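To keep things clear, I will list the structure first and then write my remarks on it.
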Amino acid sequence: MRPTEGELVKDSFDHTSEQRADAIRSLGIMDSEDEADFDEITSYAAEICGAPISLVTLVSTDRQWAKSAFGTEQRDYTMDESICSHGLTGPDFLEIEDTATDPRTRENPLVTGPDAIRYYGGAILKLGGTTPIGALCILDRKPRRLSEETKRLLIILAKQVTRRMELRRALATQETLASEVDHRVKNSLQMVTALVRIQRAQARSAETREALSETIDRLSAIALLHAELHKVSARNEIALHQFLPDIIRHLEPTLPPHVTIGHSLVPLLVRSEVATSLALLVNEAVTNAAKHAFPEGAGGRIQVTLEMNGEMGRLAVIDNGAGTELLVADPANGGGLGRQIIDASVARINGEINRSSGAEGTLIEVRFPAPRLLPQG
């Protein structure tokens with residue numbers, strides 16, 4: 001016995017319903033809060049069509065829900081009330097000029113009840129251009145017909161809706177991946193630090209223990225930066241004046257007993273790679289000063305300053321110690337690991353570095369391009 005045309009349509013609808021439900025679930029948008037991007041589209045669709053009601057709907061397996069609704073408070077619809085579902089297996093646009101006479105809708109509670117819906121026009125929402133999930137539709141309380149030009153405009157608006165939904169999904173996926181990467185990096189840094197601590201405890205020479213302690217300090221600085229990077233905005237920028245104090249507080253316990261550290265920082269927003277380089281520079285410069293600028297228990301102060309100089313940013317680490325020869329390049333070893341890290345950090349951000357050291361202390365300053373000055377307060 002051959003199936004009827006109605007049975008064929010039903011079989012096609014049922015065949016795609018789970019695929020459609022999976023696509024809707026992947027968006028993470030069902031029952032979400034109102035969003036201006038979608039509300040603006042439904043408002044505009046109603047305006048250009050001169051219609052009292054406009055909806056952005058999602059049709060799941062057991063209900064229809066409106067992500068955005070203009071001209072009505074109703075958001076949830078049973079499948080018996082769903083008109084959008086009739087367009088999911090058809091072309092890009094479904095128009096029912098008189099719902100009271102069309103066999104698909106004449107028994108629909110929205111058509112037979114009070115404030116009866118007598119017209120439906122819906123542009124189908126298709127994820128990836130293929131999977132139908134709902135519609136951008138207009139409803140009217142009188143029969144009518146839209147022009148072909150207006151239908152094309154609604155189809156264009158429907159594509160804008162699906163693009164916004166897909167972008168929303170992509171951003172959510174990115175956040176999930178970023179969180180997973182953050183967790184793995186944090187665990188890796190903790191593991192490496194623990195291994196270095198074990199090596200330091202087993203080291204026999206004081207020189208080796210000191211070198212491993214410096215490595216632990218560097219790993220700690222990187223871990224602090226990573227934690228800040230996880231909180232950056234979508235533009236991947238860091239408020240440098242808020243991040244550097246964390247590095248400085250971490251360094252305070254490593255200073256000699258009578259040496260203090262302070263900072264004066266203007267509000268600057270910089271790219272994450274700039275923050276990385278400058279944080280490593282501060283860590284190395286302060287560590288070097290603590291080790292070499294204040295011999296034999298001498299007291300003193302280290303100051304970190306951040307400011308704008310024209311269109312360039314300027315970061316300086318200044319101490320009032322006895323000066324250090326470590327700032328002079330050593331042909332045998334490139335000037336020491338600390339100096340090499342500083343030079344590499346500055347080169348990475350196309351910065352310019354200036355060093356000076358004498359009886360009144362040591363200055364390391366870096367000028368770097370394109371910071372963004374934030375308002376005070």
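The values are calculated or read from the model by the stated rules, or taken from the named source; none is laboratory data. Note that the structure is predicted; figures quoted are calculated from it, not measured. Don't worry about glycine lacking a Cβ; one is built from the backbone with ideal geometry, like all the others, and counts go over all protein chains shown. What goes into the accessible areas is simple: the full protein's heavy atoms, side chains included, and nothing from ligands, DNA or RNA. Shrake-Rupley method; radii C 1.70, N 1.55, O 1.52, S 1.80 Å.
Got a number for residues in region 242-259 being within 19 Å of GLU296 (Cα to Cα) and assigned to a helix (DSSP H, G or I)?
Of the residues in region 242-259, 3 are within 19 Å of GLU296 (Cα to Cα) and assigned to a helix (DSSP H, G or I).
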Exercise. Any residue at all in region 229-241 that is surrounded by 15 or more Cβ atoms within 10 Å (Cβ to Cβ), assigned to a helix (DSSP H, G or I), at pLDDT 85 or above and out of contact with any helix residue (DSSP H, G or I) (no Cβ under 7 Å at 6 or more places or on another chain)?
Worked result: yes
Exercise. Among the candidates ALA66, ALA45, ALA36, which residue alone is free of Cβ contacts under 8 Å to residues at least 24 places away in the same chain, in contact with a Leu (Cβ under 9 Å, 6 or more places away or on another chain) and under 19 Å from THR162 (Cα atoms)?
Worked result: ALA66
Seminar exercise, completed: When every residue in region 22-40 that is among the charged types (D, E, K, R) and in a helix (DSSP H, G or I) is compared, the one surrounded by the most Cβ atoms within 10 Å (Cβ to Cβ) is ASP39
Seminar exercise, completed: The number of residues in region 274-312 that are part of a helix (DSSP H, G or I), of a type outside the set (S, T, N, Q) and either in contact with a strand residue (DSSP E or B) (Cβ under 8 Å, 6 or more places away or on another chain) or open to solvent by 30 Å² or more (accessible area, probe 1.4 Å) (or both) is 15
For this session: Go through GLY90, GLY129, GLY122 for me and flag whichever is farther than 18 Å from MET30 by Cα and in a strand (DSSP E or B).
Result: GLY122
Exercise. Right, ILE117: outside any loop (DSSP other than H, G, I, E, B) and within 22 Å of LEU154 (Cα to Cα) or not?
Worked result: no
For this session: Output the number of residues of region 32-55 satisfying the condition of being in contact with a Gly (Cβ under 7 Å, 6 or more places away or on another chain) and among the aliphatic types (A, V, I, L, M).
Result: 2
Exercise. Would you call LEU269 buried (at least 19 other Cβ atoms within 10 Å of the Cβ) and part of a strand (DSSP E or B)?
Worked result: yes
For this session: Return the residue satisfying two criteria in turn: it lies in region 83-107 and is within 15 Å of ALA21 (Cα to Cα) and touching a helix residue (DSSP H, G or I) at 6+ places or on another chain (Cβ under 9 Å), and of such residues it is modelled with the lowest pLDDT.
Result: THR89
Exercise. Within region 48-90, restricting attention to residues that are open to solvent by 30 Å² or more (accessible area, probe 1.4 Å) and touching a Phe, Trp or Tyr at 6+ places or on another chain (Cβ under 7 Å), which residue is farthest from ALA36 (Cα to Cα)?
Worked result: THR89
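State whether the residues of region 150-157 include one that is in contact (Cβ under 8 Å) with a residue 40 or more places away in the chain and in contact with a Cys (Cβ under 8 Å, 6 or more places away or on another chain). Lay out the reasoning, then the answer.
Taking region 150-157 as the starting set, the residues that turn out to be in contact (Cβ under 8 Å) with a residue 40 or more places away in the chain are 150-151, 153-155, 157.
Narrowing the set further to residues that are in contact with a Cys (Cβ under 8 Å, 6 or more places away or on another chain) leaves 150, 154.
Yes, the conditions are met somewhere in region 150-157.
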Problem set entry | Positions within region 108-144 being loosely packed, with under 13 Cβ neighbours inside 10 Å, over 37 Å from the mean Cα position of the chain (by Cα) and within 30 Å of ASP22 (Cβ to Cβ), in sequence order | PRO109
